[in-house]
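Q: Okay, handing you the structure first.
Read the figures in this text as sums done on the coordinates, not as results from a lab. On a predicted model such as this, the values are computed, not experimentally measured, just so you know. Neighbour counts are summed over all protein chains in view; Cβ atoms, including those assigned to glycine, are modelled from backbone coordinates with ideal geometry.
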Amino acid sequence: MFGQGVVSFSDPTLRVSRQGETLVLLRGKERVRRIPLREIRRILVFGPVDLTSGALLACLRSGIDISFLTAHGRYRGRLSGPVSGNAPLRIAQFRAATDRVKSLELARSFVAGKIRNQRRLLLQHQRRRRDPRLAEVVGRMRRVLAGTGDAGSHDALRGLEGSAAAFFFQGFGICVGPSAFEFTVRRRRPPPDPVNACLSFGYAVLTSQVESVVAAAGFDPLIGFLHEPAYGRPSLALDLLEEFRPLVVDQTVLRLLNRRQLGPRDFEDLEDGDARPSVEADVERPVRGVHLQDPGRRVFLGALFKRLREPLYYPPGEGRFEIRDILERQAYVLARAVESRDGSYLPFVPR
């Protein structure tokens with residue numbers, strides 16, 4: 001468990017069943033572990049772990065959200081109880097998504113929040129390193145940020161976001177420092193190196209968390225404002241995710257690498273011919289790239305959920321709150337902005 005009720009299952013030899021108000025982990029006939037349902041808030045399932053129907057029903061009844069990811073961290077979907085009954089919010093969401101002005105206004109906020117938090121992370125490292133390369137990157141990102149308010153279309157805004165991301169990851173590579181790994185460019189599918197593998201894995205896990213949050217607030221996670229709707233894509237979750245990427249995932253990756261808590265043995269390099277289950281179905285097909293493996297995955301998840309429990313000052317609440325609580329509060333801030341014609345969404349940027 002990773003604190004505050006987050007449980008991860010990744011061993012394909014395990015079978016998870018229910019006995020009374022307890023989940024029981026079995027390997028063959030051997031009982032490996034017992035976890036009371038009352039202690040579980042979320043479950044992350046990596047790869048083909050067998051959860052019995054009794055275990056799934058018990059989790060649904062207990063309000064436990066289950067997220068399914070591939071063995072190497074690509075998000076597949078989630079299982080949860082009944083959706084929120086907030087029909088008026090969903091109607092307002094659909095209207096806002098089809099209103100070009102309102103949708104673009106919200107999209108600008110997501111992108112601006114992301115860039116501000118990316119710059120904040122680089123500035124923290126610049127204060128310690130005094131590296132002129134970082135100073136140059138931060139300056140370029142400031143100029144891109146200034147242009148987001150004038151972006152006249154979603155395509156123009158996404159272009160600015162892409163430029164900021166290119167600058168950010170240039171600076172990110174400098175911040176990685178003298179670790180066991182190098183980072184030159186952000187690449188996702190497949191991740192070609194350990195740093196990209198960590199970023200992709202972290203974003204997938206955080207996406208599952210954000211999707212649960214926006215659904216609990218009453219939204220349809222599939223209908224976004226910055227990310228265009230696509231079959232099966234949790235576009236709104238990806239929208240809200242943007243401002244939290246640097247705060248949670250990027251920060252966690254830098255900490256783990258610079259403290260040398262992950263090493264080469266925590267990753268596996270899948271060459272042509274190595275087979276893994278595909279995202280679309282449980283069939284074997286080659287998947288290339290570098291991926292986290294146990295126990296590195298457990299180290300990463302522990303650090304990620306520790307970061308989510310760290311408190312930051314939250315201006316609307318006039319106090320310090322854990323990041324995971326701020327994330328939930330931001331979903332309701334977004335709900336008020338969507339329901340109001342004149343309301344604007346203010347992304348969370350720590351002071």
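Q: Roughly how big is region 87-339's charge dipole about its Cα centre, with Cβ charges of +1 (Lys, Arg) and -1 (Asp, Glu), in debye to the nearest 20? Each step should come with its number before you reach the end.
A: Details: 40 positive and 32 negative charges, 228 e Å.
So the magnitude is around 1100 debye.
Q: Continuing with this model, one more query. So what's the Cα pair-distance distribution over region 1-57, bin width 10 Å, in %?
A: Reading the bins upward from 0: 24, 62, 14.
Q: If you bin the C-alpha pair distances of the chain every 10 Å from 0, what whole percents do you get?
A: P(r) over the chain, rounded to whole percents: 5, 23, 33, 26, 11, 2, 0.
Q: Follow-up. When we measure straight from the Cα of Lys102, which aspartates and glutamates land under 12 angstrom away, once same-chain ones fewer than 8 places off are left out?
A: Cross-link targets: Glu339, Asp342.
Q: Would you please put 8-21, 307-320, 234-247 in order of how densely packed they are, using the mean number of other Cβ atoms within 10 angstrom per residue and starting with the highest? Could you put the intermediate results ahead of the total?
A: On the way: 8-21: 15.5, 307-320: 13.6, 234-247: 24.6.
Top of the packing list down: 234-247, 8-21, 307-320.
Q: Now, a different point. Full extension from Ala146 to Arg158: what is 0.36 nm times the residue separation minus their Cα-Cα distance, to one decimal in nm? Don't jump to the answer; show the numbers that get you there.
A: On the way: separation 12, 0.36 × 12 = 4.32 nm, distance 1.41 nm.
Net length gain for the segment: 2.9 nm.
Q: Next question. Only bridges whose two residues both fall in the chain count here: according to DSSP, what percent of them are antiparallel, nearest 5? Could the numbers behind the result be given before it?
A: Values: 26 of 37 bridges.
If we restrict to bridges inside the chain, about 70 percent are antiparallel.
Q: Label points 7 Å out from Cα along the Cβ direction at Asp11 and Arg31: separation in nm?
A: For Asp11 paired with Arg31, the spin-label model returns 1.5 nm.
Q: Same structure, new question: Just tell me which lysines come within less than 23 Å, Cα to Cα, of Lys306; anything on the same chain fewer than 8 places away is out.
A: Cross-link targets: Lys114.
Q: Can you give the helix-only mean residue ellipticity at 222 nm for the chain, where every DSSP H stretch with n ≥ 4 adds -39500 (n - 2.57) and the sum goes over all residues, rounded to the nearest 500 deg cm²/dmol?
A: That calculation yields -15000 deg cm²/dmol at 222 nm.
Q: Placing +1 at every Lys and Arg Cβ and -1 at every Asp and Glu Cβ, with all other atoms neutral, what dipole size does region 6-69 have around its Cα centre, in debye to the nearest 20? Don't skip to the answer; put the middle values down first.
A: Details: 11 positive and 6 negative charges, 37 e Å.
Magnitude of the dipole: close to 180 debye.
Q: Quick check: the distance between the Cα centres of region 199-248 and region 121-151, to the nearest angstrom?
A: 25 Å
Q: Okay, moving on. Using a simple charge model, +1 on the beta-carbon of Lys and Arg, -1 on the beta-carbon of Asp and Glu, nothing else, what dipole does region 145-259 show about its Cα centre, in debye to the nearest 20? All intermediate terms of the calculation are to be shown ahead of the outcome.
A: Details: 9 positive and 12 negative charges, 94 e Å.
Dipole of region 145-259, to the nearest 20 debye: 460 debye.
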